[in-house]
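Read the structure below first, then the notes.
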Amino acid sequence: MTFGLDIGTSGVRCLYRPGRSLRGRRAPACYLALPGGSDEKLLLQRAMIPYSVCEGGYVVFGENAIELSRAIKLPLIPVFPEGRLPKQDPIGRQVAATLIESVLPTQAGVLSPSLMVVPDDVARFAERVLALRGIKCTPIHAGTASILSELGDREFTGVGFAVGASTTSLCVAVHGQPLVELTCARGAGGVDEVFARSRGWYVFDHEGNRYLDVRRVVRWREGAGIDLTHPQGDDQDLLRSLVREWLHAAMSEFTQRLEALPVARSARGVSIMTVTGGPSRMNGFDVLVADAIRRAQLPLPVIEIRTAPTSEYTLARGALIGAELEQKVARTRAA
């Protein structure tokens with residue numbers, strides 16, 4: 001069995017095929033740390049919330065952490081802050097390893113070499129975690145995974161534009177073979193932070209420490225029926241301006257880097273761009289992408305922009321397809 005793994009700032013997802021079916025598992029990339037007192041232990045036991053004991057305290061992660069955070073008004077801790085693995089933080093690293101292991105296939109049997117979309121700073125750690133279970137899993141670029149997931153009808157030829165919380169990625173591929181893979185350290189997380197700060201959205205812990213309530217921003221922009229082409233009110237207008245600025249900055253960086261790579265200009269059949277990632281689900285996001293392409297003068301002949309259907313597993317699906325294609329090629333060569 002092979003699988004596709006997507007390790008992102010907001011969550012970890014895994015897609016695999018047990019037999020002829022297709023199954024997925026996912027977990028939010030966050031946790032909650034509680035003091036190791038008797039009151040906290042009693043609270044967790046009465047609420048029947050699973051927890052781990054680490055460094056003298058209690059750790060709750062995944063969906064349980066989100067629900068508990070809302071109930072007791074404690075800020076969540078990101079497992080991969082800004083797409084990075086926390087250094088000098090044994091609890092954070094332990095939670096990161098547990099989170100990755102929690103979404104892997106549970107079926108018995110040998111797992112074949114697989115692929116994963118993973119931030120560069122987390123890749124070696126994730127490879128070691130999987131290697132301890134006897135699994136070989138190599139990284140694949142988010143833009144490439146986008147093309148493999150969404151452009152099958154175009155023979156995996158086109159431009160993949162993947163937007164995440166901490167990064168924005170672009171790939172140009174022909175028949176599934178990437179010609180250019182680029183990533184910049186800009187994402188929707190920066191938009192959420194600026195919005196929360198400008199609107200004074202904060203959350204406080206029991207000691208009075210103040211934190212930006214970015215999860216409130218995420219819930220609002222994902223569930224408020226926002227249309228970026230026709231913003232309603234000051235909040236939506238601010239969000240549109242911040243997203244427009246982010247996309248233009250990312251596309252300008254890609255333009256500068258692409259102009260030094262003539263291979264991208266000579267690529268044929270790359271007229272379709274697929275846009276993937278959680279932020280792309282906002283209505284009108286594709287319009288702002290088209291605007292950013294025009295303003296930045298991206299040196300690619302993009303004439304059509306597709307937004308991937310809403311799914312938590314888009315990049316994991318691309319990684320799974322890539323792994324299966326690699327296995328098919330290997331079997332052909334061995335025959």
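Based on the alpha-carbon gyration tensor of the range 64-210, what equivalent-ellipsoid semi-axes (square roots of 5 times the eigenvalues) come out, in whole Å, largest first? If you can, show how the numbers build up before the last one.
On the way: eigenvalues 199, 107, 34 Å².
Sorted largest first and rounded, they come to 32, 23, 13 Å.
Rolling a 1.4 angstrom probe over the protein heavy atoms, how many square angstrom per residue are accessible across the range 265-335? Please report the intermediate quantities before stating the final value.
On the way: 3700 Å² over 71 residues.
I get 52 Å² per residue for this part.
Please arrange Lys41, Lys87 by accessible surface area, largest first, computed with a 1.4 Å probe and ligands excluded.
On the way: Lys41 80, Lys87 145 Å².
Largest to smallest exposure gives the sequence Lys87, Lys41.
Between Leu325 and Arg124, what is the spin-label point distance in nm, taking each point 7 Å from the Cα along the Cα→C-beta axis?
With each label placed 7 Å out from Cα toward Cβ, I get 2.9 nm.
Convert each backbone phi in the range 12-20 into a coupling constant with the Karplus relation 6.51 cos²θ - 1.76 cosθ + 1.60 (shift: θ = phi - 60°), then list the ³J(HN,Hα) values in order as whole Hz, x for Gly and Pro.
10, 10, 9, 10, 8, 10, x, x, 9
Could you compute the FRET efficiency for Thr229 and Ser38, with r as their C-beta to C-beta distance and R0 at 41 Å, rounded to 0.05?
On the way: r = 54 Å, r/R0 = 1.32.
That gives a FRET efficiency of 0.15.
With every protein chain in place, what's the accessible area of Cys54 (1.4 Å probe, Å², nearest 10)?
20 Å²
With a cut-off of 8 Å between alpha carbons and a minimum separation of six or more residues, what is the relative contact order of the chain in percent? Intermediate values should be presented prior to the final figure.
Details: 641 pairs, mean separation 64.6, N = 335.
Rounded, it is 19 percent for the chain.
How long are the three semi-axes of the equivalent ellipsoid for the range 1-68, computed from the Cα gyration tensor as the root of 5 times each eigenvalue, in whole Å, largest first?
Values: eigenvalues 195, 31, 19 Å².
Square roots of five times the eigenvalues give 31, 13, 10 Å.
Using a ≥ b ≥ c from the Cα gyration tensor of the range 295-335 (square roots of the eigenvalues), is it rounded, prolate or oblate, where a/c under 1.5 gives rounded and otherwise the larger of a/b and b/c decides, a/b for prolate?
Taking the square roots of the gyration eigenvalues as a ≥ b ≥ c, the range 295-335 is oblate.
When volume of the Cα convex hull per residue in Å³ is calculated directly from the model, which label among [x] 155; [y] 348; [z] 137 fits?
Structure-derived value, by its label: [x].
Over the range 63-126, with the other protein chains present, what is the accessible area per residue in square angstrom, probe 1.4 angstrom?
Details: 3180 Å² over 64 residues.
Computed with neighbouring chains in place, this is 50 Å² per residue.
What GluC sites (Glu not before Pro) in the range 172-228 are in a loop by DSSP, with at most 12 other Cβ atoms within 10 Å of the Cβ?
Numbers: sites: Glu181, Glu193, Glu207, Glu222; in loops: Glu207.
Of the GluC sites (Glu not before Pro), the ones in loops of the range 172-228 whose Cβ has at most 12 other Cβ atoms within 10 Å are Glu207.
How much of the accessible area of the range 219-263, in percent, comes from carbon and sulfur atoms when a 1.4 Å probe is used?
Working: 1090 of 2450 Å².
The C+S portion of the solvent-accessible surface of the range 219-263 is 44 percent.
Please list, or write none, the lysines whose alpha carbon is within less than 27 Å of the alpha carbon of Lys73, excluding same-chain residues fewer than 8 places away.
Within the straight-line limit of under 27 Å, Lys73 reaches these lysines: Lys41, Lys87.
Report the antiparallel proportion of the DSSP beta bridges in the chain as a percent, rounded to a multiple of 5. Numbers along the way, then the final one.
Working: 36 of 51 bridges.
Counting only bridges with both partners in the chain, antiparallel ones make up about 70 percent.
When ligands, DNA and RNA are left out and all protein chains stay put, how many square angstrom of accessible area per residue does the range 148-249 have with a 1.4 Å probe?
Details: 4990 Å² over 102 residues.
Accessible area per residue: 49 Å².
Pop a pseudo-label 7 angstrom from the Cα along the beta-carbon direction at both Ile72 and Glu245 and give the gap in nm to one decimal.
3.7 nm
Test of understanding: what is the full-extension gain from Ile49 to Glu101, defined as 0.36 nm times their sequence separation minus their Cα-Cα distance? If you can, show how the numbers build up before the last one.
Numbers: separation 52, 0.36 × 52 = 18.72 nm, distance 1.92 nm.
Difference between extended and current length: 16.8 nm.
What does the highest-first list of 164-176, 318-330 look like by mean Cβ count within 10 Å? Provide the component values of the computation, followed by the final result.
On the way: 164-176: 22.4, 318-330: 19.8.
Per-residue Cβ counts within 10 Å, averaged per peptide and sorted highest first, yield 164-176, 318-330.
Within the range 225-246, what residues put their amide N at less than 14 Å from the label point 7 Å along the Cα-to-Cβ vector of Ala290?
228-230
Over the range 30-78, what percent of the accessible surface lies on carbon and sulfur atoms, probe 1.4 Å?
Working: 1500 of 2760 Å².
For the range 30-78, the apolar C and S fraction of the accessible surface comes to 54 percent.
If a/c stays under 1.5 just call it rounded; otherwise compare a/b with b/c (prolate if a/b is bigger, oblate if not). Do that for the range 259-321, with a ≥ b ≥ c from the square roots of the Cα gyration tensor eigenvalues.
Values: a/c = 2.50, a/b = 1.37, b/c = 1.83.
Taking the square roots of the gyration eigenvalues as a ≥ b ≥ c, the range 259-321 is oblate.
Where Lys and Arg each count +1 and Asp and Glu each count -1, what net charge lies around Thr314 among other residues with Cβ under 13 Å from its Cβ?
Values: positive: Arg13, Arg26, Arg281, Arg306, Arg317; negative: Asp6, Glu150, Glu312.
Net local charge, Thr314 excluded: +2.
Is the shape of the range 1-123 best called rounded, prolate or oblate, per the rule: a/c under 1.5 gives rounded, else a/b larger than b/c gives prolate, else oblate, with a ≥ b ≥ c the square roots of the Cα gyration tensor eigenvalues? Numbers along the way, then the final one.
Numbers: a/c = 2.32, a/b = 1.66, b/c = 1.40.
Judged from the Cα gyration tensor, the range 1-123 comes out prolate (a/c at least 1.5, a/b above b/c).
The values are calculated or read from the model by the stated rules, or taken from the named source; none is laboratory data. On a predicted model such as this, the values are computed, not experimentally measured, just so you know. Virtual Cβ from ideal backbone geometry, glycine too; neighbours counted across all protein chains shown. SASA here: full protein model, heavy atoms, side chains in, ligands and nucleic acids out. Shrake-Rupley method; radii C 1.70, N 1.55, O 1.52, S 1.80 Å.
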